[in-house]
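J.: Encoded as structure tokens, here's the structure I'll be asking about.
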Amino acid sequence: MKDAMHLKTRLVGLIGHPVRHTYSPFIHNVAFELTGLDYMYLPFNVVPANLKSAIKGLVALGFRGFNVTIPHKVKVKEFMSKVSEEASMVGAINTVLVEEGKLFGYNTDVAGVLESLYSFKKEISGNECVVIGAGGSARAVIYTLIKHFRPSKIHLVNRTEQRAETLRQFFKTKMKYDSFTVNELMPPDIKDNIRNSSLVVNATSVGMYPENDDAVLTQKDIFTKNQIVFDLVYNPAETKLLKLAQSSGAKTVDGIKMLVNQAAKSFEIWTGEKMPTEQVEKALLLKLGK
């Protein structure tokens, strides 16, 4: 990968705390090398107290844009000149474009979800879906499903029912969609909903390294061969949940695909070019030893 820069090199990056485990620099710098674009992506560990000065610094240094990760994805909104519909609906910004000193906020998780599931649109549209989790990732998934797939029903599942109920009320008000059920994460109570759904999404971090042996669902007979199971966890690429789904014959979508697809949207916002996602995904899997 490119390890040198010069005066004409365009800079993009990431701000968050911490950022040591991120794959974003690898993904984007591989993409820049593959496309021949003279850009470089740099990660910055920014504690909350330094957020404002860090953003001012990036703008002063001529950055074309930057990604935003925890814990800044909500707070960063106050520095934006304009926020996209997706970022407003999801309630978080993960991509910023800098133009003539002004900041424009986006949420590319929606594009990542859409691109990851689009080949299954016929199977998902008009059918029941299960979304496990009630955080920012779940909001992105639910917004994408309602806007682009219009499922007949969405079953919201979370450890605390109240957070899922808050999500239901939000989307009922903002998108005039109220075909929800709300459930706590208790397999005996949600088994029928899962088996009746064409899509099951894990939008939690359960199963993420180093807790590889964990899974939000563990019952061997909970999935069917007619389902799609989408796990947003990207490390490991093949989670315990996906292995369980595969053992039942279900189609699976891993978090690596989501990670690359949402990065591709950021890449396009900054450069105006398409990311070669298949090649980037192969490079990332190779890096992960897959």
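The values are calculated or read from the model by the stated rules, or taken from the named source; none is laboratory data. In this text the structure is predicted, and so the values were computed from the model without any measurement. Methodologically, a virtual Cβ is constructed for each residue, glycine included, from the backbone with ideal geometry; neighbour enumeration extends over all protein chains shown.
J.: Here is a check on your reading of the model: is Ser198 in contact with a strand residue (DSSP E or B) (Cβ under 7 Å, 6 or more places away or on another chain) and either crowded, with 17+ Cβ neighbours inside 10 Å or more than 23 Å from Ser248 (Cβ to Cβ) (or both)?
T.: It is true that Ser198 is in contact with a strand residue (DSSP E or B) (Cβ under 7 Å, 6 or more places away or on another chain) and either crowded, with 17+ Cβ neighbours inside 10 Å or more than 23 Å from Ser248 (Cβ to Cβ) (or both).
J.: To continue, here is another question. Only residues that are in contact (Cβ under 8 Å) with a residue 12 or more places away in the chain and within 13 Å of Lys52 (Cα to Cα): list them for the stretch 75-91, please.
T.: Listed by number, the residues that qualify are Lys75, Val76, Lys77, Phe79, Met80.
J.: With respect to Arg150, is the statement that it is of a type in the set (D, E, K, R), at pLDDT below 95 and surrounded by fewer than 21 Cβ atoms within 10 Å (Cβ to Cβ) true?
T.: Judged against the criteria, Arg150 is not a match.
J.: List pairs: first residue in the stretch 113-125 and outside any helix (DSSP H, G or I), second residue at pLDDT 95 or above anywhere in the structure, Cβ distance under 6 angstrom, at least six positions apart or on different chains.
T.: Every condition considered, the pairs that remain are Ser125/Phe149.
J.: Which ones in the stretch 280-290 are touching a residue at least 60 places away in the same chain (Cβ under 8 Å) and surrounded by fewer than 14 Cβ atoms within 10 Å (Cβ to Cβ)? Please lay out each step first, then the result.
T.: Filtering the stretch 280-290 for residues touching a residue at least 60 places away in the same chain (Cβ under 8 Å) gives 280, 283-284, 287.
Within the stretch 280-290, Lys287 is the sole residue that qualifies.
J.: Looking at Met186, is it exposed (fewer than 13 other Cβ atoms within 10 Å of the Cβ) and either among the hydrophobic types (A, V, I, L, M, F, W, C) or in contact with a Gly (Cβ under 9 Å, 6 or more places away or on another chain) (or both)? First the steps, then the outcome.
T.: Details: exposed (fewer than 13 other Cβ atoms within 10 Å of the Cβ): yes; either among the hydrophobic types (A, V, I, L, M, F, W, C) or in contact with a Gly (Cβ under 9 Å, 6 or more places away or on another chain) (or both): yes.
It is true that Met186 is exposed (fewer than 13 other Cβ atoms within 10 Å of the Cβ) and either among the hydrophobic types (A, V, I, L, M, F, W, C) or in contact with a Gly (Cβ under 9 Å, 6 or more places away or on another chain) (or both).
J.: For the stretch 258-271, which positions are crowded, with 21+ Cβ neighbours inside 10 Å and not hydrophobic (A, V, I, L, M, F, W, C)? Walk me through how you get there before you give the answer.
T.: To start, the set of residues in the stretch 258-271 that are crowded, with 21+ Cβ neighbours inside 10 Å comprises 258-267, 270.
Asn261, Gln262, Lys265, Ser266 - these are the residues of the stretch 258-271 that are crowded, with 21+ Cβ neighbours inside 10 Å and not hydrophobic (A, V, I, L, M, F, W, C).
J.: Right, here's the next one. Here is a check on your reading of the model: is Phe63 surrounded by 17 or more Cβ atoms within 10 Å (Cβ to Cβ), over 16 Å from the mean Cα position of the chain (by Cα) and free of Cβ contacts under 8 Å to residues at least 40 places away in the same chain?
T.: Considered against the rule, which asks whether it is surrounded by 17 or more Cβ atoms within 10 Å (Cβ to Cβ), over 16 Å from the mean Cα position of the chain (by Cα) and free of Cβ contacts under 8 Å to residues at least 40 places away in the same chain, Phe63 comes out as no.
J.: I want to confirm something. Restricting to the stretch 255-276 and keeping residues that are without any contact (Cβ under 8 Å) to a residue 60 or more places away in the chain and outside any loop (DSSP other than H, G, I, E, B), which single residue is farthest from Asp231 (Cα to Cα)?
T.: Step one: filter the stretch 255-276 for residues without any contact (Cβ under 8 Å) to a residue 60 or more places away in the chain, giving 255-256, 268, 272, 274.
If we keep only those that are outside any loop (DSSP other than H, G, I, E, B) too, we end up with 255-256, 268.
Working: Gly255: 6, Ile256: 9, Glu268: 24 Å.
Checking each candidate, the answer is Glu268.
For (1) at pLDDT below 95; (2) among the charged types (D, E, K, R); (3) closer than 22 Å to Ala111 by Cα, each residue gets a yes or a no:
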residue: Arg195; (1), (2), (3): yes, yes, no
residue: Ser198; (1), (2), (3): no, no, yes
residue: Ser205; (1), (2), (3): yes, no, yes
residue: Ala215; (1), (2), (3): yes, no, no
residue: Leu232; (1), (2), (3): no, no, yes
residue: Thr239; (1), (2), (3): no, no, no
residue: Gly255; (1), (2), (3): no, no, yes
residue: Lys274; (1), (2), (3): no, yes, yes
residue: Glu281; (1), (2), (3): no, yes, yes
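J.: Taking the stretch 227-254 only, how many residues are part of a helix (DSSP H, G or I) and buried (at least 23 other Cβ atoms within 10 Å of the Cβ)?
T.: Here the count works out to 3.
J.: Give me a count of the residues in the stretch 101-113 that are at pLDDT 95 or above and surrounded by fewer than 22 Cβ atoms within 10 Å (Cβ to Cβ). Spell out the reasoning first.
T.: Going residue by residue through the stretch 101-113, those that are at pLDDT 95 or above are 102-113.
Pick out the ones that are also surrounded by fewer than 22 Cβ atoms within 10 Å (Cβ to Cβ) and you get 102-104.
Selection size over the stretch 101-113: 3.
J.: Next up: Which residues, taken from the stretch 126-147, are under 19 Å from the mean Cα position of the chain (by Cα), part of a loop (DSSP other than H, G, I, E, B) and surrounded by fewer than 17 Cβ atoms within 10 Å (Cβ to Cβ)?
T.: Gly135
J.: Among the residues of the stretch 162-203, write down those that are in a loop (DSSP other than H, G, I, E, B) and among the aromatic types (Phe, Trp, Tyr).
T.: Matches in the stretch 162-203: Tyr177 only.
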